[in-house]
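The structure appears below as structure tokens.
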Amino acid sequence: MDAEELREVGAISEWARRVRELRTEEGYQILTNNDLSTLKPGQYLLKDPKPQPAFERNISKETRAYVLDRNGFTCQQCGAVAGEPHPYDESRKTRLHIGHVIDKSQGGSDEASNLRALCSVCNEGAANLTLDRPSLHKLLVQVRRATAADQKGVLEWLKAKFEP
């Protein structure tokens, strides 16, 4: 089944999110091109019609709020800010999720130290990957390469973030 068929059959705009819910909350083994190289992007395969036991959701509201606040309500992978237009898809606003640094399927825990804020775009494509945070040197290189207007924007953002 491909994405277009899902869109038609499901008659919902958020069909990709529903597929993720079926995988994680209902326990269905739905494979994508990340799981099976013979599938093209946007194609899905139901491996077994019988659902597997799904992972329990043990992240409390308090832990979720703490992680979002700690991460500045910003995606830790792409830098998108909650509520603002997404940098890779400006037609929709950024929605943040809580993602695991070490996935539960690989033995990770629901402790705050193993959680991070991820936007829906990065969380969907994460597939148990963890990107390193850029070093100070790499950040400075990127800021130096930016236009003067963008550099001033970074300065204003830093002032607003760190000045009382």
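Return the residue satisfying two criteria in turn: it lies in the stretch 104-124 and is surrounded by 13 or more Cβ atoms within 10 Å (Cβ to Cβ) and part of a helix (DSSP H, G or I), and of such residues it is modelled with the lowest pLDDT.
E124
Counting only residues that are part of a loop (DSSP other than H, G, I, E, B) and either over 21 Å from R20 (Cβ atoms) or within 11 Å of the chain's Cα centre (by Cα) (or both), how many does the stretch 88-100 have?
2
Limited to the stretch 1-32, what total is found for residues that are modelled with pLDDT under 75, polar (S, T, N, Q) and surrounded by 12 or more Cβ atoms within 10 Å (Cβ to Cβ)?
Count: 1.
The values are calculated or read from the model by the stated rules, or taken from the named source; none is laboratory data. What you see is a predicted model; the values in this text were computed from it and never measured. Positions of Cβ are backbone-derived with ideal geometry, glycine not excepted, and every protein chain shown enters the neighbour counts.
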